[in-house]
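Everything on this sheet refers to the single structure shown next.
Any read-out appearing in this document is the output of simple, stated calculations on the displayed coordinates, not a laboratory observation. Nothing here was measured: the structure is a model prediction, and the numbers come from that model. Because the Cβ atoms are built from the backbone with ideal geometry, glycine has one as well, and the counts that use them run over all protein chains shown.
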Amino acid sequence: MSLTLLEGNEAVAWGAHRAGCNFFAGYPITPATTILNTMMKILPPKGGICIQGEDEIASMGFCLGASMAGMKVMTATSGPGISLYSENISFAIGSEIPIVIIDVQRLGPSTGSATKGADGDIQFLRWGSSGGLPVIVLAPMDVSDCYLLTVHAFNLAETFRCPVFIASNKEIGMTRESLELDAVALPPMVQRTAAPDNAPYLPFATTGISGVPDFMPVGGETIARQTSSTHGPDGYITVDPEVIAKNQARLRKKLEDSLDTFTFYDEHMEADAEVLVITYGISARSVMAAAKKCSISGTPVSVLTLKTLWPVPEALIKKKASGYKRVLVVEMNLGQYIHEIRRILSNHSVGFLGQMDGNLITPSQIEEFITNA
Amino acid sequence: MHSFIDSSRPPAYCPGCSHEVVTRALDKAFLQMGLHQNQVVIVSDIGCSGLFDIFFKTHAFHGLHGRALTYATGIKLARPDLHVVVTMGDGGLGIGGAHLLSTCRRNIDITLLILNNFNYGMTGGQFSATTPPDALVGSGFLNQIEKPMDACRVMRAAGASYVTRISAYQSDLSAEMEQAIRFNGFSAMDIWGICPGRYARRNKTTFKTIQAAIESLPPFHGPVPENFREEYGEHYRQKASMQKPLPAPMEVAKKFPALFNDRKEILILGSAGQRIVTAGEILSYAGLTAGLHATQKNDYPITVLRGHSACEVILSPDKIDYAGITAPDVILALGQEGIDRKKALFSNCREDTFVLVDSTAEIPDCRGTILSIDFKGKKIKRQDMAMAALSLLAQQQRLINPDMLEAALSIRFKGSTLDRVLALVRHFAIVENNG
Ligand code: SF4
């Protein structure tokens, strides 16, 4: 066995490299900066491009331009930068521009604490764009997830032509950790589907109600159009309510209908458990430590760790929660994803443990919560 | 080809709008250059200047307000062979100011056409960054109390290597555009025109008033020699080609049997400049050589060479779940600031917690087994104390042994630095053995 020592942020960068990322732009911000630093070392010598924008808005703009010219792009920031990305995120959603966005979350609100962790952006990532259409959000719990989920994120961005977020956390991104790189089962690399040469190219034409448009790069042989305006299949402004409605519905369905192909999770199921803890991110590790202790002390506990947070894997959550007397949600904020769980498991009693003081939720807090709540 | 303009989507501005004149001139410039439509990308901003991409049969990218230069930069970096032309109004100039300055500084080979008509036409004639103070606009008196910006002077000051100020009605506009597009570097044209739909209704604007206004200002006609330098993309690629590839992350094979079979929590506490974080990394690598999993968390302020430095390392034969420290097994207390930072954790020590303390530092009361070392007396420099402490752990076969430590050092250091740290840990061991 061989082990490698990497920061979560470095693992993201290497995952991006494995996924074929050849363009990165970002603006320095703790705790995400080491992604920019690592990409700066990886990409230029390999003929890729890594640049530092004058601000987060420019960094996103560079990425969107480069993505539409056919490159595989990524950017990385923390909560304050996601705020500045917002308008360009809406653009990438509505105009179907593949991009991977890493959010190494830090304690908010606002400037908050640069070097303290939190999972405070979980609803923000889903809803922090105009129009309210879905995005994909994946949540790593450790360094090997940072590596693996980044590769998945690129594949999903290419497959569905949409922004894909990695909801990391200072506690993962800036923690150096051992992993067995060779043991991480990486999926094969996916490229966006090229449009056939033999038909006139309509940049947003799709087949079916949940299709994804085929791609031709801006600057290729065939003329390609990209626009942030409400558009029809030809990429020109449309005011036809039927065309508009169909397109909005498709932007939802293209993700939601395929959710089962990217529902990532870990589970630790104990046969006699009456309690299921649903969690994600760094908190999942405290939950696992607590579950082991509970098991030793005679209270077996099951754990479902979600790695796909958005779109919400409702079918999975319902299936895994069935038969449990109690469900508990543990997350590093004052209650965000709990709203999804309560909505889905409306017949369950769903308890909540959260914390937002810059510290990790400890296994003993969770153990106490499980045994006393 | 007779025109780059899409005959099925003819320009549709208000009657008499100078944007139409500019649209025709741009078409002519492309034709004069003998370009093919797929060699050109028009990146348009928001507002009436944002309609340009619709009327041309070229590649088109229409994004957010003020951000056109950022998309154009991404496209040009991805495809250096393309001709990238940005159309933006005086509105985009204002809201995208940061991008304007940075694009000038970068000198990337894109051409910016500022369609400057002194107001926000599309939203109803509000004042913009270039509205004269005496104009009547849709923003009440607000334009009267701001100074309009001279885009050309700002761009020259920001490092633009090609800037032209011109009237939309100048007869050689298309030839001027061709010059700007042909220029290898960032080129910008501040094109003054008439917005009959909004601005000219209340403000007398004619070909003549525009010409007179331009003539009253310092002239800008193309190349700005003081700012000449390499084109950004070419320069980038040249520099990039000289960078050494980053080696793939190193894999450390298990070489030694581990000295323990449960989770161990280690705190290394000191001050900036004491190489606390490096010591944590060495300890983690030493663990890896014994097939142990490791986590390392560092805590230090934003200042360099000032303040605390604290490092938390966990070593375990199993994958590490919770990566925080609750009850330390070993504390290396080497500097007061780090000790003070983590003082709460001292109360969690067990009797068998090994606490190594620099004799000049003070630690809170704790139950652990304390060993005080006079590093100074042993001629160990401040920046070498952490390494010496690791050497002592290894000598005592605590967590790691000397083989693991030396293997870790050869992973982390090379050449003369490696020789120096190896000498340090071996020498310190001898000093310690000799009492
Ligand atoms: S509002 Fe002004 S700038 Fe816009 S199309 Fe009409 S005349 Fe031209």
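Roughly what angle does helix A:283-296 make with the longest principal axis of chain A, taking Cα atoms, 0 to 90 degrees, to the nearest 10? Its long axis makes an angle of about 30 degrees. Its relative contact order, with pairs defined as Cα atoms under 8 Å and 6+ residues apart, puts region A:264-372 at 32 percent. For chain A, taking the reciprocal of the average inverse distance between every pair of different Cα atoms yields a Kirkwood hydrodynamic radius of 21.2 Å.
Against chain B, whose longest principal axis is taken from its Cα atoms, helix B:232-241 shows a tilt of about 30°.
Taking square-rooted eigenvalues a ≥ b ≥ c of the alpha carbon gyration tensor, is region A:1-114 rounded, prolate or oblate, where a/c under 1.5 means rounded and, failing that, a/b exceeding b/c means prolate? Cα axes put region A:1-114 in the oblate bin.
Spatial offset of region B:224-244 relative to region A:166-241 amounts to 31 Å, using the alpha carbon center of each. Please say if region B:264-433 is rounded, prolate or oblate, where rounded means a/c under 1.5 for a ≥ b ≥ c the square roots of the C-alpha gyration tensor eigenvalues, and otherwise the choice is prolate for a/b larger than b/c and oblate otherwise? Verdict is rounded for region B:264-433. Counted by Cβ distance under 13 Å from B:Glu178, the other residues give a net charge of -1, where Lys and Arg count +1 and Asp and Glu count -1.
Taken about its Cα centre, region B:303-392 carries a charge dipole of about 400 debye when Lys and Arg each add +1 at the Cβ and Asp and Glu each add -1 at the Cβ.
Summing +1 for each Lys or Arg and -1 for each Asp or Glu among the other residues whose beta-carbon sits under 11 angstrom from that of B:Asp321 gives +3.
For the peptide A:316-326, the mean number of other protein chain Cβ atoms found within 10 angstrom of a residue's Cβ is 0. Comparing A:Ser129, A:Ser83, A:Ser295 in a Gaussian network model of chain A, where Cα atoms under 10 Å apart are tied by springs, the biggest mean-square fluctuation is seen for A:Ser295. When region B:18-241 is described by a simple charge dipole with +1 on each Lys and Arg Cβ and -1 on each Asp and Glu Cβ, the residue from B:Gln39, B:Pro218, B:Pro132 located farthest towards its positive end is B:Pro132.
Helix-derived [θ] at 222 nm for chain A: sum -39500 (n - 2.57) over DSSP H runs of at least 4, divide by residue count, nearest 500? Helix-only estimate at 222 nm: -11000 deg cm²/dmol.
Inter-chain Cβ neighbour count for A:39-48, averaged per residue, equals 4 (cutoff 10 Å, partner chain atoms only). Taking the average, over residues, of other Cβ atoms within 10 Å as the packing measure, peptides B:403-413, A:86-96, B:417-427 rank A:86-96, B:403-413, B:417-427 from highest down. Built from the Cα atoms of the protein assembly as shown, the convex hull projects on average onto 38.7 nm², one quarter of its surface area.
Residue ranges B:116-127, A:323-334 sort as B:116-127, A:323-334 when ordered by packing (mean number of other C-beta atoms within 10 Å per residue, highest first). Counting only DSSP beta bridges whose two residues both lie in chain B, roughly 35 percent are antiparallel. Given axes a ≥ b ≥ c from the Cα gyration tensor, I'd like to know whether region B:353-408 is rounded (a/c under 1.5), prolate (a/b larger than b/c) or oblate. It comes out oblate by the Cα gyration axes.
Reducing region B:362-435 and region B:57-118 to their Cα centroids gives an inter-centroid distance of 57 Å.
Taking every alpha-carbon pair under 8 Å whose residues sit at least 6 apart, chain B reaches a relative contact order of 10 percent.
Histogrammed with a bin width of 5 Å, the alpha carbon distances of region B:1-160 distribute as 2, 9, 18, 21, 20, 16, 9, 4, 2, 0 percent, first bin at zero. Counted over region B:264-433, the DSSP beta bridges are approximately 55% antiparallel.
Checking the Cα-Cα distances for A:Lys292/B:Lys264; A:Lys307/B:Lys343; A:Lys254/A:Lys307 against a 24 Å cut-off, the pairs over it are A:Lys307/B:Lys343.
Taking amide H positions as modeled 1.01 Å from N, with prolines and chain starts lacking one, the residues under 5 Å from A:Trp310 and 5 or more places away or on another chain are A:Val137. Protection proxy ranking for A:223-229, A:277-283, B:79-85, using the average of other Cβ atoms within 10 Å per residue and placing the highest first: A:277-283, A:223-229, B:79-85. Each helix, a run of at least 4 DSSP H residues, gives -39500 (n - 2.57); summed and divided by the residues of chain B, these come to -10000 deg cm²/dmol at 222 nm. Peptide A:23-35 has a mean of 1 when you count, residue by residue, the C-beta atoms of other protein chains within 10 Å of its C-beta. Within the straight-line cut-off of under 16 Å between alpha carbons, the lysines reachable from B:Lys244 are A:Lys41, A:Lys46, sequence neighbours fewer than 8 places apart in one chain being disregarded. Counting only alpha carbon atoms, the long axis of helix A:363-372 and the longest principal axis of chain A meet at about 60°. Amide H to amide H distances under 5 Å link A:Phe215 with A:Thr193, A:Ala194, A:Ala195, where only residues 5 or more positions off or on other chains count and H is placed in the peptide plane. Each Lys or Arg adds one and each Asp or Glu takes one away; over the other residues whose Cβ falls under 10 Å from the Cβ of B:Ser347, this sums to +1.
Take every DSSP beta bridge whose two residues both sit in region A:264-372; close to 20 percent of them are antiparallel. Based on Cα contacts under 8 Å between residues 6+ apart, chain A shows a relative contact order of 16 percent.
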